[in-house]
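Readers should treat all values here as calculations from the given coordinates under stated rules, not as data from a laboratory. Everything numeric in this text was worked out from a predicted model, so none of it was measured. Counting neighbours? That spans all protein chains shown, and the Cβs are built from the backbone with ideal geometry, glycine included.
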Amino acid sequence: MDMEKRRVAVITGGSRGIGAAIARQLAKDGIDVALICSSSREAAEAVCQDCRALGVRAEAYSCDIGAFADAKQVVKEIKEAFGTIDILINNAGINRDQLIAMMKEADFDDVIRTNLKGAFHMIRHCTPIFIRNRGGKIVNISSVAGLMGNAGQANYAASKAGLIGLSKSVARELAGKNVTCNVIAPGFIATDMTKEFDSDNPLVASIPLKRMGRPEDVAAAVAFLVSAGGDYITGEVIRVDGGIAM
């Protein structure tokens, strides 16, 4: 694909797990990628190397997306480096699990700040670029916890449910600008965040497909939504959960 015609995707939380799988999948599809990480720059650089090996441009950026000004600056830097932004994947997420009776205020605030407010910041700063381009694709990575709730995850579930409401509002606002905004709601995916789960865990046993998902399962759904196949889909929530939330 001609380098001038390649689309550019920004992926938050792109250094590992689901974010890294999304980056590699989009690179396979001939899309340049800018990975934003909060800490593990070395891991993000390794993912970039994998993407470059697939023939696309890939760069890593460190940013606290929970800070409005920092998110604005990183979007500016990416646009200057790549020329434009066509796709935004809000994947960055943290968890601070605790029962509600013992949850600290800081643990609630931190999760909302990264998972929900960070997504707002990125959408807010990318939207003018999408409007000038007369099109764009936004995919927000939520969770089945945002649909079902989960004991010990009031903060996490609230942030992921909030992402769904945010996405539907953005989808309505930007539809007339040819910008789509959709949600992927993963279930139990084998990543560092779920490493305490094994095949004998009763939660895993409750999954109709009887196994945890892979980051690549989520990446495949994202790739569909940002392809031509997703052009007429907006405001949708797609579960990638083995059936656990049906």
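Given a 10 angstrom Cα cut-off, can you work out which residue in T127, T191, T180 is the most mobile in a GNM of the chain?
Result: T191 has the largest fluctuation of those listed.
Counting only GluC sites (Glu not before Pro) that sit in a DSSP loop (anything but H, G, I, E, B) with at most 16 other Cβ atoms within 10 Å, what is the longest stretch of the chain containing none of them? Walk me through the numbers before you get to the answer.
Details: sites that count: E196, E236.
Excluding the exposed sites themselves, the longest stretch runs over 1-195.
Need one number: % antiparallel among DSSP beta bridges in the chain, to the nearest 5. List each step's numbers first, then the result.
Working: 0 of 29 bridges.
Counting DSSP beta bridges with both partners in the chain, the antiparallel share is about 0 percent.
Rounded to whole Å, give me the distance from the Cα center of the stretch 198-246 to that of the stretch 35-53.
Between the Cα centre of the stretch 198-246 and that of the stretch 35-53, the gap is 24 Å.
Find the relative contact order for the stretch 81-208 and round it to a whole percent, using C-alpha pairs within less than 8 Å whose residues are 6+ positions apart.
Details: 177 pairs, mean separation 35.8, N = 128.
So the answer I get is 28 percent.
Take the alpha-carbon positions of the chain, form their convex hull, and give its projected area averaged over all directions (one quarter of the hull surface) in nm². All intermediate terms of the calculation are to be shown ahead of the outcome.
Values: hull surface 50.9 nm².
The number I arrive at for the chain is 12.7 nm².
Pick out which of D97, D192, D231 has the largest mean-square fluctuation in a Gaussian network model of the chain, springs linking Cα atoms closer than 10 Å.
D192
If you filter the stretch 141-246 for trypsin sites (Lys or Arg not before Pro), then keep DSSP loop positions with at most 10 other Cβ within 10 Å, what is left?
On the way: sites: K160, K168, R172, K177, K195, K210, R211, R239; in loops: K195, K210, R211.
Within the stretch 141-246, the qualifying trypsin sites (Lys or Arg not before Pro) (loop, at most 10 other Cβ atoms within 10 Å) are K195.
Over all distinct Cα pairs, what is the inverse of the mean 1/r for the stretch 100-246, reported as the Kirkwood hydrodynamic radius in Å?
Values: mean 1/r = 0.0617 Å⁻¹.
Computed over the stretch 100-246, the radius equals 16.2 Å.
For a footprinting-style exposure proxy, rank L163, L147, L88, L209 by other Cβ within 10 Å, fewest first.
Numbers: L163 24, L147 20, L88 29, L209 11.
Placing the least packed residue first, the sequence is L209, L147, L163, L88.
Once the convex hull of the alpha carbons of the stretch 142-224 is built, what does its volume come to per residue, in cubic angstrom?
107
Would you mind calculating the relative contact order of the chain from Cα pairs under 8 angstrom and at least 6 residues apart, reporting the percent as a whole number?
Details: 501 pairs, mean separation 44.7, N = 246.
For the chain, the relative contact order is 18 percent.
Counting other Cβ atoms within 10 Å of each Cβ, which trypsin sites (Lys or Arg not before Pro) in the stretch 52-138 have at most 14 and sit in a DSSP loop? Don't skip to the answer; put the middle values down first.
Values: sites: R52, R57, K72, K76, K79, R96, K104, R113, K117, R124, R132, R134, K137; in loops: R57, R96, K104, R134.
Answer by residue number: K104, R134.
From Cα pairs below 8 angstrom and at least 6 apart in sequence, can you work out the relative contact order of the stretch 50-147, rounded to a whole percent? Spell out each step's value before the answer.
Values: 84 pairs, mean separation 36.0, N = 98.
About 37 percent, as a whole number.
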